[in-house]
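S.K.: A single structure is presented below for examination.
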Amino acid sequence: MAPKPPKPLKLLKLLKSQKSLMSPKSRRGPAAAAVATLTLLGFAAWAGPGSDSARAGSHIDAPSAMLDPEINAGDLYAFTSPEAPDTVTLITTYQALSLPVNGVLPPTAFATRARYDLNIDSRGTGRPEVTYRWTFRDEGSREFLGVLNGPVESLSSPHLKFKQRYTLEELRPGKPAKVLIRDAVAAPSRAGAAGMPDYGRLRAEATLPLPGGGKVYTGQAADPFFNDAREMEILKSGTELPTPFSPLQGTNVTVMALQVPKKALALNGDPARNPVVGIWATAARETMNVQQGASGGPRYAQVSRVGNVIVNEALAPDNYLTPAAISRGMPLGVLGGVADQFNTWDAADDASNRQLIDMVTKLRGPKAFHATHPGMTAPPANPRKDMFELLMTGLSAKVRCPVGEGSSCPITQDLNSQVMNADADAGAFRPAEQLRLNMSTPVSAAPRKGGFLDGDPQGFPNGRRLTDDPTHVLVRVAMGEPGSKEYAPLFRFTTSGPPTELSRSFPYLAVPHGVF
């Protein structure tokens, strides 16, 4: 019996957990993607016109990520800048699966009345020692019928009817906010070859120097994610899809890219003694209640979070096409489940967050995949200490994995944990889901897809380069590496990256796809 059509408000609540349909971290197979798309279309038709989309019911006053894609965090990258090795490049992407526009449809834009934060933890406490914050305002109208009056050849062109300006601040505990960039113009969403004949020129104009060294680029880019849904599905469910599926080809993302000196990120400003940092990005919306924050201004609620790739989408136990979800008529996920809650969690609470710990240590895919390859060695049993170490502590002989029996960790390579920092308080260290980067690791002359599994210490999980394939690394670890490489030959997929070429200089990303 078909489920009853949800009422409009229930539709909004249901869509709250559908973030990953628009996220580059979603690597489902063709059938699953089709089901997801058709389900959303069906729900939209059931809701009908006039559905109230102002607010989704939850424990925070913020629109859901699905209904508010402007704050839907996609991916996070962190690496030593190849042409400026005394700096680190940090890139956060939002609004995945953005299709190219032509200057007639509304532009892809950043959210106003919101905060986009890039958080850096150099002590290993789960709390940021420095935060870089972007806030935006609109200039002009987001009209449906045209954002251009003619060809746009510069950011000051009178033909550009809609612009966004942003302010970038540096926040450190106990210190006043430091404004790095004030009211700068972000690069617009690309409007095709006719409307923007030289987008590279617009990008160059939008790439600005920072006081004290470094650069910032805020605008649009081609989605850089290297992906193949076959690896994602093995990690998630153990299912081996027959053909490649890369849904992100030809799509764009909004981007906040930052290049900063390593000393600005390192504990005590000393990257030689304290080379490891943990990084995660969050987005917060202004709440819709009338109460004010401590400063007398509006309150903000965190509604999006990203650190390591696919933690939410692949490892949440109630996400996508589970029997429980299907039985409720909600094949895209269980309303209000862990996948939905993850976006609101504070990294400082990760060490005691049982739901998160279960997500990263109680995997479903490896056992199911092994069942289809019974002649091969079984992967490690749950709870997975190796995955806890990879995602929650970073790799080091000094860390402890308090899951399962004993506290030792299986991967003893000193690679990227904050416990390696000489000035860090080992007693204050707390596991947290972060992308960790050892800034002292030299730039690899020959980057390898498998990162540390294939002898390339600079690759994921030691930061993440634009050419890394982190899902490939995670699925190999899930099946038993580095202890056993028996499954590695099964994962020699030709993973697709963006069809346009990456840049050799900051911000390194390919220019966004356009239409004619």
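Here is a yes/no grid of residues against (1) at pLDDT 95 or above; (2) over 30 Å from Ser122 (Cα atoms):
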| site | (1), (2) |
| --- | --- |
| Leu171 | yes, no |
| Gly174 | yes, no |
| Ala187 | yes, yes |
| Ala194 | no, yes |
| Arg201 | yes, yes |
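Yes/no matrix, rows are residues, columns are (1) among the charged types (D, E, K, R); (2) in a loop (DSSP other than H, G, I, E, B); (3) surrounded by 20 or more Cβ atoms within 10 Å (Cβ to Cβ); (4) without any contact (Cβ under 8 Å) to a residue 24 or more places away in the chain:
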| position | (1), (2), (3), (4) |
| --- | --- |
| Asp117 | yes, no, yes, no |
| Ile120 | no, no, yes, no |
| Arg123 | yes, yes, yes, no |
| Gly126 | no, yes, yes, no |
| Tyr132 | no, no, yes, no |
| Thr135 | no, no, no, no |
| Leu155 | no, yes, no, no |
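S.K.: Give me a count of the residues in the stretch 170-202 that are surrounded by fewer than 18 Cβ atoms within 10 Å (Cβ to Cβ), among the acidic types (Asp, Glu) and over 26 Å from Leu99 (Cα atoms).
M.R.: Of the residues in the stretch 170-202, 1 are surrounded by fewer than 18 Cβ atoms within 10 Å (Cβ to Cβ), among the acidic types (Asp, Glu) and over 26 Å from Leu99 (Cα atoms).
S.K.: Oh, and also: Which is over 22 Å from the mean Cα position of the chain (by Cα), within 30 Å of Val511 (Cα to Cα) and surrounded by fewer than 20 Cβ atoms within 10 Å (Cβ to Cβ), of Ser444, Ser407, Ser484?
M.R.: Checking each option against the conditions leaves just Ser444.
S.K.: Output the number of residues of the stretch 381-435 satisfying the condition of being of a type in the set (Asp, Glu), assigned to a loop (DSSP other than H, G, I, E, B) and in contact (Cβ under 8 Å) with a residue 40 or more places away in the chain.
M.R.: 3
S.K.: Regarding the stretch 235-246, can at least one residue be identified that is surrounded by fewer than 18 Cβ atoms within 10 Å (Cβ to Cβ), modelled with pLDDT of 95 or more and of a type outside the set (S, T, N, Q)?
M.R.: No, every residue in the stretch 235-246 fails to be surrounded by fewer than 18 Cβ atoms within 10 Å (Cβ to Cβ), modelled with pLDDT of 95 or more and of a type outside the set (S, T, N, Q).
S.K.: Among the acidic types (Asp, Glu) and assigned to a loop (DSSP other than H, G, I, E, B): does that describe Glu240?
M.R.: Answer is yes for this residue.
S.K.: While we're on this one: Select from the stretch 410-428 the residues that are surrounded by 14 or more Cβ atoms within 10 Å (Cβ to Cβ) and charged (D, E, K, R) and list them in ascending order.
M.R.: Passing the criteria: only Asp414.
S.K.: Restricting attention to the stretch 348-372, report how many residues are exposed (fewer than 15 other Cβ atoms within 10 Å of the Cβ) and in a loop (DSSP other than H, G, I, E, B).
M.R.: Of the residues in that region, 2 qualify.
S.K.: When you check Ala191 against the structure, is it within 28 Å of the chain's Cα centre (by Cα) and within 18 Å of Ile91 (Cβ to Cβ), yes or no?
M.R.: Against the criterion (within 28 Å of the chain's Cα centre (by Cα) and within 18 Å of Ile91 (Cβ to Cβ)), Ala191 does not qualify.
S.K.: Quick one: in the stretch 487-510, which of the residues that are at pLDDT below 90 and either on the phi > 0 side of the Ramachandran plot or not in a loop (DSSP other than H, G, I, E, B) (or both) is surrounded by the most Cβ atoms within 10 Å (Cβ to Cβ)?
M.R.: Filtering first and then ranking leaves Phe491.
S.K.: Residues of the stretch 203-224 being out of contact with any Lys or Arg (no Cβ under 8 Å at 6 or more places or on another chain) and surrounded by 23 or more Cβ atoms within 10 Å (Cβ to Cβ), which ones?
M.R.: Listed by number, the residues that qualify are Val216, Thr218, Ala221, Ala222, Asp223, Pro224.
S.K.: For Gly150, only one of the following conditions fails: (1) touching a Lys or Arg at 6+ places or on another chain (Cβ under 8 Å); (2) assigned to a loop (DSSP other than H, G, I, E, B). What is its number?
M.R.: Just one mismatch for Gly150, condition (1).
S.K.: Restricting to the stretch 346-368, give me the number of residues that are touching a helix residue (DSSP H, G or I) at 6+ places or on another chain (Cβ under 7 Å) and closer than 16 Å to Ile310 by Cβ.
M.R.: Residues in the stretch 346-368 being touching a helix residue (DSSP H, G or I) at 6+ places or on another chain (Cβ under 7 Å) and closer than 16 Å to Ile310 by Cβ: 8 in total.
S.K.: Please list, ordered by first then second residue, the pairs with beta carbon atoms under 8 Å, 6 or more apart or interchain, first in the stretch 340-366 and farther than 29 Å from Tyr116 by Cβ, second assigned to a helix (DSSP H, G or I) and modelled with pLDDT of 95 or more.
M.R.: As it stands, the answer is Thr361/Lys385; Thr361/Met387; Thr361/Phe388; Leu363/Met387, since those pairs meet every condition given.
S.K.: Right, another one. Among the residues of the stretch 262-302 satisfying the criterion of being at pLDDT below 90 and in a strand (DSSP E or B), which is farthest from Phe225 (Cα to Cα)?
M.R.: My answer is Gln292.
S.K.: Quick one: would you say Phe429 is aromatic (Phe, Trp, Tyr), touching a helix residue (DSSP H, G or I) at 6+ places or on another chain (Cβ under 6 Å) and over 25 Å from Gly278 (Cα atoms)?
M.R.: no
S.K.: It is to be established whether one or more residues within the stretch 460-470 are of a type in the set (A, V, I, L, M), touching a strand residue (DSSP E or B) at 6+ places or on another chain (Cβ under 8 Å) and either assigned to a loop (DSSP other than H, G, I, E, B) or under 27 Å from Gly124 (Cβ atoms) (or both).
M.R.: Yes: one or more hits.
The values are calculated or read from the model by the stated rules, or taken from the named source; none is laboratory data. From a predicted model like this one, the values you see are computed outputs, not experimental measurements. Reconstructed Cβ throughout: ideal geometry from the backbone, glycine too, with neighbour counts over all protein chains shown.
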